[in-house]
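Colleague: One structure coming up, written as structure tokens, with questions to follow.
Here, each number is a calculation from the coordinates, and none is a lab measurement. Worth saying up front: this structure is predicted, and the values here are computed from it rather than measured. Heads up, the Cβs are rebuilt from the backbone with ideal geometry, glycines too, and the neighbour counts pull from every protein chain shown.
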Amino acid sequence: MSSSAASRTRARGARRSDDLPVPFPHAGGVLLADQAQLDPMELLHGLVADLRAAGGRVVTGARVQHVSVIGRPTVRWDGGRMSSDTIVLATGAPTVDRALHFARLEPQRSYALAFDHPDPPDLMLLSAHGSSRSVRDAPGDGAARRLLVGGEGHTVGRARHEQGHLDRLREWTAEHFPQAVETHHWSAQDYTSPDALPRVGLLPLGRGRVHVATGFAKWGMTNGAAAALAVSGQILGDPVPWAQRLHRGRGRLPAAVGMARINAGVAAAGSLELGRAALKPLPKHVPEGEGAVGREGLLPAGRSTIDGRTCTVTAICTHLGGVLEWNDADQSYDCPLHGSRFAPTGEVLEGPATRALALRDDDHS
Ligand SMILES: Cc1cc2nc3c(=O)[nH]c(=O)nc-3n(C[C@H](O)[C@H](O)[C@H](O)COP(=O)(O)OP(=O)(O)OC[C@H]3O[C@@H](n4cnc5c(N)ncnc54)[C@H](O)[C@@H]3O)c2cc1C
Ligand code: FES
């Protein structure tokens with residue numbers, strides 16, 4: 001890590017739990033010793049600078065669609081390719097999945113809000129009970145600091161009203177930090193494995209050249225670093241002993257039970273969305289900023305109007321055919337099965353899908 005990135009890491013000492021601000025003392029909070037807080041973008045810039053200094057090449061803005069291990073391993077995207085001795089797929093849900101990772105991962109979407117606040121708590125807090133609430137501070141404009149509040153996670157594509165999750169975070173913040181003035185909101189997703197350990201290892205049929213690292217369960221700062229140590233140990237021929245537990249084929253009972261739970265949820269969500277789409281006709285007109293999924297012709301379709309552009313797409317996920325749901329917080333079509341997401345115009349946003357939705361109609365008027 002470069003020194004500039006490391007210098008922004010702040011150590012957090014042990015504190016007594018009765019130091020906790022509202023509302024955490026009521027949740028039986030405990031402050032853990034030896035915490036550290038860092039700015040992930042600064043860390044990323046530091047790592048990129050180190051990589052470039054060592055002769056590495058960084059390509060951004062390219063969506064990998066294919067990985068070939070015939071000859072020298074190669075990744076391909078629209079209009080480009082890159083070869084190397086070893087490939088590590090660290091794309092959230094792996095885009096090439098010969099190990100069916102998607103069936104062993106639960107995609108979870110969570111929300112975050114940033115606020116101007118005169119005195120945000122100088123603590124990192126995570127609720128231990130009930131709806132998760134996570135509180136941080138962050139640099140604001142000039143010397144000011146911002147309050148960050150996160151939480152309200154749910155399985156991707158199964159919320160029905162994502163905006164409601166953001167609103168609940170807003171209400172909670174207004175109650176406990178009444179001076180907070182919202183500046184930003186966003187959401188993101190991460191994947192959890194049945195036994196809550198990351199999934200790290202070689203991809204089957206990858207000729208020992210393609211590694212996967214995913215399932216960080218919203219603990220990417222630590223689980224991602226552990227996965228990186230495990231993968232680099234494997235590549236450099238110096239495996240880390242504790243990493244054996246992260247590799248696939250763990251086969252323990254809790255994992256099997258967790259996997260059964262995940263796949264029962266997938267089956268239930270698949271039937272539910274199919275039923276909803278079959279019963280409900282697709283509206284002919286959708287107001288600005290909104291979208292809907294329903295029946296039009298033989299297949300479920302989605303219609304949205306964003307910035308004056310009304311698009312109609314086939315609302316069937318190009319991964320394995322899940323019926324999509326409209327996400328009213330992010331204005332996207334989300335798959336309730338394995339978490340692929342698509343733009344209103346059909347392009348893939350994230351998840352295991354690699355192909356866009358079929359665009360049936362595109363009206364700019
Ligand atoms: C709201 C929220 C708050 C969180 N807070 C914390 C926290 O406080 N501490 C903590 O430790 N963790 C936290 N996490 C979890 C952490 O962010 C994740 O665990 C971590 O980012 C996952 O890392 P990843 O590399 O697997 O996936 P990502 O960070 O999602 O990175 C995957 C990358 O792959 C790219 N990609 C995907 N598909 C392709 C493709 N086909 N071709 C090319 N590129 C592709 C994506 O664009 C993305 O840049 C939080 C997560 C959320 C959602
Ligand atoms: S992400 Fe697998 S079917 Fe949609």
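Colleague: Using only alpha carbon pairs under 8 Å that are at least six residues apart, calculate the relative contact order of segment 57-210 and give it in whole percent.
Modeller: It rounds to 27 percent for segment 57-210.
Colleague: Still on this structure, I have one more. Using Cβ counts within 10 Å as a stand-in for footprinting exposure, how do ILE316, ILE70, ILE306 rank, fewest first?
Modeller: ILE70, ILE306, ILE316
Colleague: How high is the relative contact order of segment 280-363, given as a whole-number percent (alpha carbon pairs under 8 Å, six or more residues apart)?
Modeller: Reported as a whole number, the value is 24 percent.
Colleague: A further question on this structure: How large is ³J(HN,Hα) for each residue in segment 313-318, as worked out from phi by the Karplus curve 6.51 cos²θ - 1.76 cosθ + 1.60 (θ = phi - 60°), to whole Hz, x for Gly and Pro?
Modeller: 10, 6, 8, 10, 4, 7
Colleague: Mind listing the long-range amide H neighbours of ARG199? Cut-off is under 5 Å, sequence gap 5 or more, other chains count too, H placed in the peptide plane at 1.01 Å from N.
Modeller: Result for ARG199 returns THR214, GLY215.
Colleague: May I ask for the percentage of alpha-carbon pairs in segment 116-156 that lie more than 13 Å from each other?
Modeller: Across segment 116-156, Cα pairs with separations above 13 Å total 55 percent.
Colleague: Separation of segment 294-365 and segment 195-233 by C-alpha centroid, Å?
Modeller: Comparing the Cα centres of segment 294-365 and segment 195-233, I get a distance of 30 Å.
Colleague: Using Cβ counts within 10 Å as a stand-in for footprinting exposure, how do CYS311, CYS317 rank, fewest first?
Modeller: CYS311, CYS317
Colleague: While we're here: Project the alpha carbons of segment 38-131 onto their principal axes and report the range along each, largest first, in whole Å.
Modeller: 57, 38, 21
Colleague: For each of ASP141, ASP328, ASP122, ASP39, count neighbouring Cβ atoms within 10 Å of the residue's Cβ, then give the residues from fewest to most. All intermediate terms of the calculation are to be shown ahead of the outcome.
Modeller: Working: ASP141 9, ASP328 18, ASP122 12, ASP39 15.
Exposure proxy ranking, most exposed first: ASP141, ASP122, ASP39, ASP328.
Colleague: Right, another one. Karplus couplings for segment 155-160 from phi (6.51 cos²θ - 1.76 cosθ + 1.60, θ = phi - 60°), rounded to Hz, Gly and Pro as x?
Modeller: 5, 4, x, 10, 8, 6
Colleague: Tally the DSSP beta bridges in segment 280-363 and give the antiparallel ones as a percent, rounded to 5.
Modeller: Close to 95 percent.
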